[in-house]
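Data block below; observations after.
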Amino acid sequence: MLRLALHGGPGVCQIAVTNACNARCRFCSFPQVAAAERVMADPDRLLAGLAALKQAGVHFISFTGGEPLLYPELIPALVRARELGLSTMVCTNGALLTPARLQELKAAGLEGLIISLDAPTAQAHDENRGLPGLTQHLRDMLPLLRSAGLDPVASVTVSRLLGNLDSLVRFVHDLGFRRLTFSYPLTHLHSPYLGFASHDCVDFTPAELDRLFGEILALKSRSPLPILNPRQSLNDLQRQLRRLPSRFPCLAGFKYFFADWNLQVYRCHYLPHTLGPLEGIHRLQPIRDGCTACTIDCYRDPSVCQFLAVSLADSLAAWRQGRWLKGLATLFHPYNALSLASLLEVLPWVRH
């Protein structure tokens with residue numbers, strides 16, 4: 001961890017291994033992919049890309065989709081990542097989890113699991129997913145997941161399906177989850193990623209989103225289970241919605257990356273331009289331009305937590321160049337303390 005901190009902290013890459021999905025969520029465009037247009041990432045290129053990610057200093061890999069459990073080569077990819085010393089996570093709707101499947105995932109080296117939830121009742125969640133019986137299936141699987149050492153995080157998209165947030169948290173807790181994170185709503189993206197939709201249930205005005213972020217901030221202090229979205233990140237997004245300067249620059253393109261099912265690398269889900277093939281990620285020049293184009297939790301939340309590590313690395317770089325005052329100013333930047341506080345908030349992520 002110290003070595004990673006001295007280099008600005010670990011890198012993270014989300015890899016969408018397929019655009020196929022077995023659910024029909026209203027606030028997502030993956031269900032619109034026709035069967036003839038479904039793509040699975042090339043397995044040989046994926047394995048080569050994992051080695052390149054290791055060379056690039058990326059330490060954490062998140063396999064997503066579509067639905068990543070539909071990807072037939074997921075287990076070999078997890079095994080290769082483990083051999084390279086990479087930490088892995090899978091984001092899933094959970095419908096395809098079985099006792100045998102979770103044992104395969106654990107044996108392959110999977111370290112973390114994120115399961116999506118949409119609503120504060122079983123009926124509303126199952127209807128939105130188009131998967132009858134899904135909630136009961138998750139309730140049955142959660143004890144087995146914990147027994148296998150895969151204690152999942154519940155990821156809840158902020159939408160009009162949520163209703164009262166306290167009721168939602170009670171529902172999530174009752175299902176058996178021990179950690180919760182909110183995924184911020186997306187109505188449009190410029191990359192090929194399809195985890196968005198222009199639907200009424202996620203179409204909020206800036207004022208409505210500002211209010212919802214405030215409600216999540218208040219909820220953090222009374223929730224019976226940890227809510228992993230950092231306070232400073234929520235505050236920063238509120239500032240952005242109010243057209244105030246953001247305090248923490250997004251690290252997408254520097255520490256965080258996204259690769260689609262064609263294994264093309266983007267700095268994030270939102271922006272349209274590709275950086276090159278995954279196999280060449282170790283040759284990419286890092287991008288640090290303080291972008292605040294989106295409110296995507298996958299990039300904005302961890303950027304706040306990693307601000308301190310980046311400041312430490314920048315300070316050391318300045319001192320190596322003989323710029324002592326610059327190094328001291330960076331090291332004692334007041335936002336470093338806020339970043340440290342945010343990191344302490346998300347220790348349940350770090351421990352898993």
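Values for this structure:
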{"read-out": "Whichever residue in region 54-81 is among the small types (Gly, Ala, Ser) and crowded, with 22+ Cβ neighbours inside 10 Å and, among such residues, is nearest to Gly8 (Cα to Cα)", "value": "Ala81"}
{"read-out": "Residue pairs meeting the criteria (Cβ under 8 Å; at least 6 apart or on separate chains; first without any contact (Cβ under 8 Å) to a residue 12 or more places away in the chain, in region 269-281; second hydroxyl-bearing (Ser, Thr, Tyr))", "value": "His273/Tyr266; Thr274/Tyr266"}
{"read-out": "Members of region 293-326 that are in contact with a helix residue (DSSP H, G or I) (Cβ under 7 Å, 6 or more places away or on another chain) and either surrounded by 24 or more Cβ atoms within 10 Å (Cβ to Cβ) or closer than 22 Å to Phe258 by Cβ (or both)", "value": "Thr295, Arg300, Asp301, Val304, Cys305, Phe307, Ala309"}
{"read-out": "Set Ala51, Ala20, Ala16, Ala36: member being surrounded by fewer than 23 Cβ atoms within 10 Å (Cβ to Cβ), in contact with a strand residue (DSSP E or B) (Cβ under 9 Å, 6 or more places away or on another chain) and not hydroxyl-bearing (Ser, Thr, Tyr)", "value": "Ala20"}
{"read-out": "Verdict on Phe257 being crowded, with 20+ Cβ neighbours inside 10 Å, in contact with a helix residue (DSSP H, G or I) (Cβ under 9 Å, 6 or more places away or on another chain) and within 12 Å of Cys13 (Cβ to Cβ)", "value": "yes"}
{"read-out": "Given (1) of a type outside the set (Asp, Glu); (2) outside any loop (DSSP other than H, G, I, E, B); (3) touching a Ser or Thr at 6+ places or on another chain (Cβ under 7 Å), index of the condition Asn235 fails", "value": "(3)"}
{"read-out": "Hits in region 90-124 - residues which are of a type in the set (Ser, Thr, Tyr) and under 22 Å from Ile15 (Cα atoms)", "value": "Thr92, Ser116"}
{"read-out": "Region 73-105, residues that are over 14 Å from Gly149 (Cβ atoms), touching a helix residue (DSSP H, G or I) at 6+ places or on another chain (Cβ under 7 Å) and acidic (Asp, Glu)", "value": "Glu73"}
{"read-out": "Residue that is nearest to Pro277 (Cα to Cα) [pool: residues in region 11-67 that are among the β-branched types (Val, Ile, Thr) and part of a loop (DSSP other than H, G, I, E, B)]", "value": "Val17"}
{"read-out": "Meets criteria (in contact with a Leu (Cβ under 8 Å, 6 or more places away or on another chain), closer than 28 Å to Ala293 by Cβ and surrounded by 15 or more Cβ atoms within 10 Å (Cβ to Cβ)) for Leu168", "value": "no"}
{"read-out": "In region 269-292, the residues that are in contact with a helix residue (DSSP H, G or I) (Cβ under 7 Å, 6 or more places away or on another chain) and either assigned to a helix (DSSP H, G or I) or surrounded by fewer than 15 Cβ atoms within 10 Å (Cβ to Cβ) (or both)", "value": "Leu278, Glu279, Gly280, Ile281, His282"}
{"read-out": "First in region 67-93 and at pLDDT 95 or above, second anywhere and crowded, with 23+ Cβ neighbours inside 10 Å and basic (Lys, Arg), Cβ under 8 Å, 6 or more apart", "value": "Asn93/Arg129"}
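The values are calculated or read from the model by the stated rules, or taken from the named source; none is laboratory data. Keep in mind that this is a model prediction, so the values were computed, not measured. Positions of Cβ are backbone-derived with ideal geometry, glycine not excepted, and every protein chain shown enters the neighbour counts.
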